[in-house]
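The values are calculated or read from the model by the stated rules, or taken from the named source; none is laboratory data. These numbers come from a predicted model, not from an experiment. All Cβ positions, glycine included, derive from the backbone under ideal geometry; neighbour counts span all protein chains shown. SASA here: full protein model, heavy atoms, side chains in, ligands and nucleic acids out. Shrake-Rupley method; radii C 1.70, N 1.55, O 1.52, S 1.80 Å.
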Amino acid sequence: MLIKKPSDIKSSEITSPELYRKRRQFIQAGVGLAGAAMVPGLWLPADVSAAREKLQGVKKSALSTDEKPTPYKDVTGYNNFYEFGTSKTDPARNAHSLKTKPWTVRVEGEVARPADYHLEDLVKDSLLEERIYRFRCVEAWSMVIPWVGISLASLIKRFEPTSRAKFVEFTTLYDPKQMPGQKRRVLNWPYVEGLRMDEAMNPLSILAVGLYGEVLPNQNGAPLRLMLPWKYGFKNIKSIVKIRFTETMPKTTWVLAGPREYGFYANVNPNVDHPRWSQARERVIGSGSIFTRRKKTLMFNGYEEQVAHLYAGMDLRKFF
Ligand code: MTE
């Protein structure tokens, strides 16, 4: 995410030497790949034919957008999942090494029911819904994705958070054998993300287990990933193995990597630019030719009515 636009500020002026060094490695890793990602068609997935499994009993949700979904090949072939490489085509090519069955999610921290939960047990007692959501990456591209997911709020209620639980932290699997990208220190592994409790409890917040009516492909974060459509894509952490309830704000991966560039809230906001590029417009992935369509980015990615109240009275330039 740090790789595409020329920088007009010296990173060394704003970050610690250690982070600066890491970021240089990061940029160098990305330079040769950014070009390939820009040529239309080159992000065709390597393994769309991998075994695909239909999900049963999926209900349509009234919270879906009526916009046309992005083609399946783009949703599953143009990805960010640095555990499998930093190029957009790497996840589809490499994520077959991830073993998603069996899968256990550890729930810990400020909850009455901490435990290791089998994923099937969490899913089988939940309503599976199709939620067609707009998806906006911080890199200024967007898609419309028909997720299949479960309500995050109803899941959280089952764990019975205590009154001290103010935030919820999510962690991705750490296993460099299955996730070879973790052998390179492009990010602090494992990937960690977090939400304020009221954000997590919003009716729009889901944990996705599928897309296009089928089990989630590995490159999209199988078997369980977060999806909050009003936030930049990087908040939507993939392949979750741990959910921890805390009193204090979690230290999240992208905030640690570049605190001036990536905030904890990461709400889509066309009025607050990334320090190195504008957030006013977005490139619509899958819309055709070399001249991929661009459109205006909407406040909270178009979900203002449902979520603006969560941030009432907050200075969104400070809490970006
Ligand atoms: N989760 C993990 N564990 N690792 C990642 O590299 N990338 C994030 C997010 N979740 C990422 C992650 C970013 S930057 C984006 S834009 C979305 O996943 C991409 O999701 P998609 O590939 O399903 O479109």
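Computed quantities for the displayed model
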item: Solvent exposure of the stretch 13-311 as accessible area per residue, Å², 1.4 Å probe; result: 43
item: Cα gyration tensor shape for the stretch 200-280, rounded if a/c is under 1.5, else prolate or oblate; result: prolate
item: In order through the stretch 208-214: 3J(HN,Hα) via Karplus (6.51 cos²θ - 1.76 cosθ + 1.60), integer Hz, x for Gly, Pro; result: 8, 10, x, 8, 6, x, 10
item: Potential extension, ASP198-LEU256 segment - 0.36 nm per residue separation minus Cα distance; result: 18.6 nm
item: Gain on full stretching of the segment that runs from LYS60 to ALA280 - 0.36 nm per residue minus C-alpha separation; result: 76.1 nm
item: At R0 = 25 Å, FRET efficiency that the Cβ-Cβ distance of LEU128 and LYS177 yields, to 0.05; result: 0.20
item: Residues in the stretch 76-117 that a label on GLU247 would reach, taking backbone N under 20 Å of a point 7 Å out along Cα→Cβ; result: 108-114
item: Where labels lie 7 Å past Cα in the beta-carbon direction, separation of LYS166 and GLU53 in nm; result: 4.0
item: ARG185 versus GLN306: modelled label distance in nm, points set 7 Å from Cα along the beta carbon direction; result: 4.0
item: Tensor-based shape of the stretch 93-212 (alpha-carbon gyration tensor, a/c under 1.5 rounded, otherwise prolate or oblate); result: rounded
item: Volume in Å³ per residue [convex hull over Cα atoms, computed for the stretch 261-305]; result: 92
item: Cα gyration tensor category, rounded, prolate or oblate, for the stretch 173-320 with a/c compared to 1.5; result: rounded
item: From the C-alpha gyration tensor of the stretch 13-311, square roots of 5λ in Å; result: 26, 23, 21
item: Label-point gap, in nm, between ARG93 and LYS295 - each point 7 angstrom along Cα→Cβ; result: 3.1
item: Chymotrypsin sites (Phe, Trp or Tyr not before Pro) restricted to DSSP loop in the stretch 215-248 with at most 14 other C-beta within 10 Å; result: none
item: FRET efficiency, 1/(1 + (r/R0)^6) with R0 30 Å, evaluated for THR104 and LYS73 via beta carbons; result: 0.40
item: Relative contact order [Cα under 8 Å, 6+ residues apart], the stretch 13-311, whole percent; result: 20
